[in-house]
Amino acid sequence: MLVLGQGARRFHVVAALNAKAKVAMSRFEPNSSINYDKLRSNIDIVRKRLNRPLTLSEKIVYGHLDNPAGQEIVRGHTYLRLRPDRVAMQDATAQMAMLQFISSGLPKVAVPSTIHCDHLIEAQTGGAQDLQRAKEINQEVYNFLASAGAKYGVGFWKPGSGIIHQIILENYAYPGVMLIGTDSHTPNGGGLGCICIGVGGADAVDVMAGIPWELKCPNVIGVKLTGTLSGWTSPKDVILKVAGILTVKGGTGAIVEYHGPGVDSISCTGMATICNMGAEIGATTSVFPYNHRMRTYLEKTGRGEIAAQANENQDLLVPDSGCHYDQIIEINLSELKPHINGPFTPDLAHPVSDIGSVAEKNGWPLDVKVGLIGSCTNSSYEDMGRAASLAKQALDKGLKCKAQFTVTPGSEQIRATIERDGYAKMLRDVGGVVLANACGPCIGQWDRRDVKKGEKNTIVTSFNRNFTARNDANPATHAFVTSPEIVTALAIAGTLKFNPETDFLTAPNGEKFKLLPPTGDELPARDFDPGQDTYQHPPADGSGLRVDVNPQSNRLQLLEPFDRWNGKDLEDLQVLIKVKGKCTTDHISAAGPWLKFRGHLDNISNNLLIGAVNTENDAVNKIRNYLTGEFGGVPDVARYYKKHNVSWVVVGDENYGEGSSREHAALEPRHLGGRAIIVKSFARIHGECEIPWIINCRLKLSIIKQMILINLSCLSTETNLKKQGLLPLTFSNPADYDKIRPDDKISIVGLKSFAPGKPLKAVIKHSDGSSETFELNHTFNETQSEWFQAGSALNRMKELQK
């Protein structure tokens, strides 16, 4: 039974609202939540020590150092102990984060924190119906999150509020703030001059507990923008171009910092779009310098006092002249053309003018089945207005979309405002369906029924990610990401061969006409309509409230500690699957319908690696069970091995774990009996660093030290696997990948003398009786080695309490 108490208070102080607002929405009280004096003091200390100009990202990051006078600072090498200003959690990841915080034994959070219900709403028929169905289906989870928030002082944004990143931009982001969020697209806030970083539940718990958070000192990639955006080119095209340049790995370990005269031609929400999709290049985060576009957005969202303070401290919120970037990319916005990226990867960039011929050459389906606009990347008032301007042109000529068309507002405030101003009606009239204010199809929460699974088809979206089967669970869907304007145009035309800059449409009366370039107001002339009140304040004292988890629940589950290492080498590990090619976290732990199990490890483990391609047969979710000789699904075979005490290993290709931050991609293999992941290379993000703290932390010194150490390289694929007691290993010679056969047994030897910098050996036993030996590298430090020996970082922390 979950008990939710009565009464409420704001954990954060809210400012006076615009007199025209219909309901009370949360805003910061500037004087109580912004401390530019502290930021300035820290920056001055660091500047004197380094004796050089600082980039903007360095100012904000170093300005949040726990010990600016003593912290060692070397880009790309040292680990920084930081004090973020606040925490935000989306509902899928908040479940694990709050379970961990409950286990910490602390009475309430130490920094302003919020939970946002946006991931568990499936798109099916339309906004109101889908929202109501989600409330019914997810009542247990929503009650858990609301009651946990009330007890521990965490604000709760109810389902229907909107997407976490849009809510942050509208309410909590401000120039110079450092915010961590349990979602990989948290960097969206960089459009308002913030350092916003996607992390995991363990990191969120540390910050909520008032413990310094550690981050490897990032490199800084500078993107110099010149010229001016115009015509069909949009802010989305900037990041689509950058993704094509840097690829999905090029931003790893770095903050991408945009600067130059071209910045002023981009709206605040446009800058947020660019920062949001920076996750697709592996960047730690992205950021823009403070300017008049941000000031206007702050004023329009009821934060004029914050804008005034930012103006007074603008020197802190822009890069120093002469600062050094580790890499510089230059883009002339006046020459930039509309882009569309895909399919199957967000870094395969094409000018829109070329995509038709490229698709024909590659045999990609030309007909656009569905166009989808919105998501956390592109759901601003400006985005919706520009799309509506195209819809109106088509309607004026008697045309509607040839493709299906969906619209996802980013927040309740956006939904209410575009309804008031007529944009929603235009988009519906042209054939669109307005979905709930939620993530929806962008994360696979889409009950798609117009094509059969396995049927080749093309969709175009204004989303950020387009990995195989991500949006609709159909591996044959060719998903392309582009701007809302291009999505709308292609949905009207119904084909990838349409170039809106040059091609004509045909009206029902036979008239040929071209779409004029899209137009739209950056912000509403009549201020925003906040819509319905969807925020729950935690009560003044939640200590008397109770938060229970039903042991019979199939949605929520307390976690059990993993088994300790037995002190021996890992002998005869069965190869569970040898993965062929790309293996993102969507392949390892799919989202979509599986999101409902994010609070239940055993149930969600039924999606383990169901999207990975098996080298033995080029099939997905079809591997041989070498105990029975029969083929079965990956999780089924893994469970069979676990039941029969057979430990196993996964063998992977390059950049294993690319994509969404999903801690279950590390938890699931450990839960089902995996012991090692051996690959050519690992990606930056693999899970959200959420480790199962089911013990009560008393926070004595030894525990605090261990909690801090747990967060070293928190965004590293390898570190997340290490936390669960797994061995993330890489081939010393990548060609050794080819030596492993699907029916091999692998022994990992040298563990008794396991030490930092000392490689391990793999002994491969082939079914024909032959064997081979080769070297495996690892990146364990001494503390991480203790995690492995204890069975997990959690177990090690428990040992330190004794």
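Some values worked out for this structure:
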{"quantity": "Matching residues, the stretch 65-77, being in a loop (DSSP other than H, G, I, E, B) and either crowded, with 18+ Cβ neighbours inside 10 Å or charged (D, E, K, R) (or both)", "calculated": "Asp66, Pro68, Gln71, Glu72, Arg75"}
{"quantity": "Members of the stretch 434-469 that are out of contact with any Leu (no Cβ under 9 Å at 6 or more places or on another chain) and part of a strand (DSSP E or B)", "calculated": "Asn457, Phe467"}
{"quantity": "Wholly within the stretch 78-158, helices (runs of 4 or more DSSP H) carrying at least 1 residues that are open to solvent by 50 Å² or more (accessible area, probe 1.4 Å) and acidic (Asp, Glu)", "calculated": "127-137, 139-152"}
{"quantity": "Single unsatisfied condition, Cys376 versus (1) within 30 Å of Pro261 (Cβ to Cβ); (2) over 24 Å from the mean Cα position of the chain (by Cα)", "calculated": "(2)"}
{"quantity": "Among residues of the stretch 473-482, those that are in a loop (DSSP other than H, G, I, E, B) and surrounded by 24 or more Cβ atoms within 10 Å (Cβ to Cβ), counted", "calculated": "1"}
{"quantity": "Failed item in (1) surrounded by fewer than 18 Cβ atoms within 10 Å (Cβ to Cβ); (2) part of a loop (DSSP other than H, G, I, E, B); (3) not hydroxyl-bearing (Ser, Thr, Tyr), with Lys752 passing the rest", "calculated": "(2)"}
{"quantity": "Selected residue [out of contact with any strand residue (DSSP E or B) (no Cβ under 6 Å at 6 or more places or on another chain), touching a residue at least 40 places away in the same chain (Cβ under 8 Å) and closer than 21 Å to Val651 by Cα] from Lys582, Lys578", "calculated": "Lys582"}
{"quantity": "Any strands (runs of 3 or more DSSP E) falling wholly within the stretch 191-237 and containing at least 1 residues that are within 24 Å of Arg598 (Cβ to Cβ)", "calculated": "195-198, 213-216"}
{"quantity": "Of all residues in the stretch 620-637 being more than 30 Å from Thr93 (Cα to Cα) and free of Cβ contacts under 8 Å to residues at least 60 places away in the same chain, the one that is most open to solvent (accessible area, probe 1.4 Å)", "calculated": "Glu630"}
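Matching residues to (1) closer than 19 Å to Pro524 by Cβ; (2) charged (D, E, K, R); (3) open to solvent by less than 10 Å² (accessible area, probe 1.4 Å); (4) assigned by the TED database to the domain that holds Pro593:
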site	(1), (2), (3), (4)
Phe405	no, no, yes, no
Thr408	yes, no, yes, no
Leu427	yes, no, yes, no
Gly431	no, no, no, no
Val434	yes, no, no, no
Arg448	no, yes, no, no
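Matching residues to (1) open to solvent by less than 10 Å² (accessible area, probe 1.4 Å); (2) farther than 22 Å from Val199 by Cα; (3) of a type in the set (Phe, Trp, Tyr):
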site: Gly210; (1), (2), (3): no, no, no
site: Lys216; (1), (2), (3): no, no, no
site: Leu229; (1), (2), (3): no, yes, no
site: Asp237; (1), (2), (3): yes, yes, no
site: Gly251; (1), (2), (3): yes, no, no
site: Met277; (1), (2), (3): yes, no, no
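Residue by residue, here is whether (1) farther than 30 Å from Gln445 by Cβ; (2) open to solvent by less than 10 Å² (accessible area, probe 1.4 Å); (3) under 27 Å from the mean Cα position of the chain (by Cα) holds:
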{"residue": "Phe597", "(1), (2), (3)": "no, no, yes"}
{"residue": "His600", "(1), (2), (3)": "no, no, yes"}
{"residue": "Leu608", "(1), (2), (3)": "no, yes, yes"}
{"residue": "Tyr641", "(1), (2), (3)": "yes, yes, no"}
{"residue": "Asn655", "(1), (2), (3)": "no, no, yes"}
{"residue": "Leu672", "(1), (2), (3)": "no, yes, yes"}
{"residue": "Ser681", "(1), (2), (3)": "yes, no, yes"}
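The values are calculated or read from the model by the stated rules, or taken from the named source; none is laboratory data. Note that the structure is a prediction, hence the values are computed from the model and not measured. Note that we place each Cβ from the backbone using ideal geometry, even for glycine, and neighbour counts take in every protein chain shown. Each accessible area value is taken on the protein alone, full model and side chains, heavy atoms only, with ligands, DNA and RNA left out. Shrake-Rupley method; radii C 1.70, N 1.55, O 1.52, S 1.80 Å.
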